[in-house]
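In what follows, a single structure is set out as structure tokens and then discussed.
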Amino acid sequence: AQSVTQPDIHITVSEGASLELRCNYSYGATPYLFWYVQSPGQGLQLLLKYFSGDTLVQGIKGFEAEFKRSQSSFNLRKPSVHWSDAAEYFCAVALNSGGSNYKLTFGKGTLLTVNP
Amino acid sequence: ETGVTQTPRHLVMGMTNKKSLKCEQHLGHNAMYWYKQSAKKPLELMFVYSLEERVENNSVPSRFSPECPNSSHLFLHLHTLQPEDSALYLCASSQDQGRQFFGPGTRLTVL
């Protein structure tokens, strides 16, 4: 069964510092990969996704992620964190559940705290 | 604003109550999903509806009953819930490969 692991439950960084959130997956083939962000009291917002092609993916809000097949990883990065980036971040993989619809399997999430 | 709305945003109910959660998508998508988000657990997919037919039910207890009357609306009917059912229930919709748009969720507390 496919699984998604986010090893870091909680990360604290200072505003302006760089950020890397880790994500590893376990799946037989290269899945579709996603990062979502959830601000307090809000639903999930898609940051970026990888389907195929260039392994470095650019997303919204200055985030990027790099797919590394050899490491089964899809880590999220941002060069300079802003206080508004404080939120919970979820990595997800997609499995085709029939037709054009995909079932997402999520990691447990990483809570990001940003210090001023 | 993702184009997916959920009502109510907060719900407190007793174990003997019957209530319903509503989700509406304004994106013209053809699939809708219910997820459960509990504290310190990964999001759990509960139900998938594609073209208004239920295509997936992930071993969800019968006290949760989904309904999809049309491609824009999805309901989750709740009956005789348990305190461990307290969670954030998220609705999502999609049209293509895995690109799901999520609503803000309904925070459910079962007393």
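Computed from the coordinates by the stated procedures, all read-outs in this text should not be read as laboratory data. Worth saying up front: this structure is predicted, and the values here are computed from it rather than measured. Positions of Cβ are backbone-derived with ideal geometry, glycine not excepted, and every protein chain shown enters the neighbour counts.
Structure above, values below:
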item	result
Rg(Cα) / (2.2 N^0.38 Å) computed for the range A:23-116, rounded to two decimals	1.09
Loop-resident sites, the range B:1-54, for trypsin sites (Lys or Arg not before Pro), counting at most 15 other Cβ within 10 Å (DSSP)	B:ARG9, B:LYS40
Calculated FRET value between A:ARG69 and B:HIS73, using beta carbons and R₀ = 35 Å, to 0.05	0.30
Ranking of B:TRP34, A:TRP83 by count of other Cβ atoms within 10 Å, fewest first	A:TRP83, B:TRP34
Radius 15 Å from Cβ of A:SER26, net charge of other residues (Lys, Arg +1; Asp, Glu -1)	+4
Computed label-point distance, nm, for sites B:GLN95 and A:TRP83 using a 7 Å Cα→Cβ extension	3.8
Cα-Cα P(r), the range A:1-73, percent of pairs per 5 Å interval	3, 12, 23, 26, 21, 10, 4, 0
Total charge dipole magnitude, chain A, about the Cα centre, Cβ charges on Lys, Arg, Asp, Glu only, Debye to nearest 20	280
Exposure proxy ranking, count of Cβ atoms within 10 Å, fewest first, for A:ILE60, A:ILE11	A:ILE60, A:ILE11
Calculated FRET value between A:ASN115 and B:GLU84, using beta carbons and R₀ = 45 Å, to 0.05	0.80
Ranking of A:TYR50, B:TYR33 by count of other Cβ atoms within 10 Å, fewest first	A:TYR50, B:TYR33
FRET efficiency, A:THR30 to B:ARG63 (Cβ-Cβ, R0 41 Å, nearest 0.05)	0.60
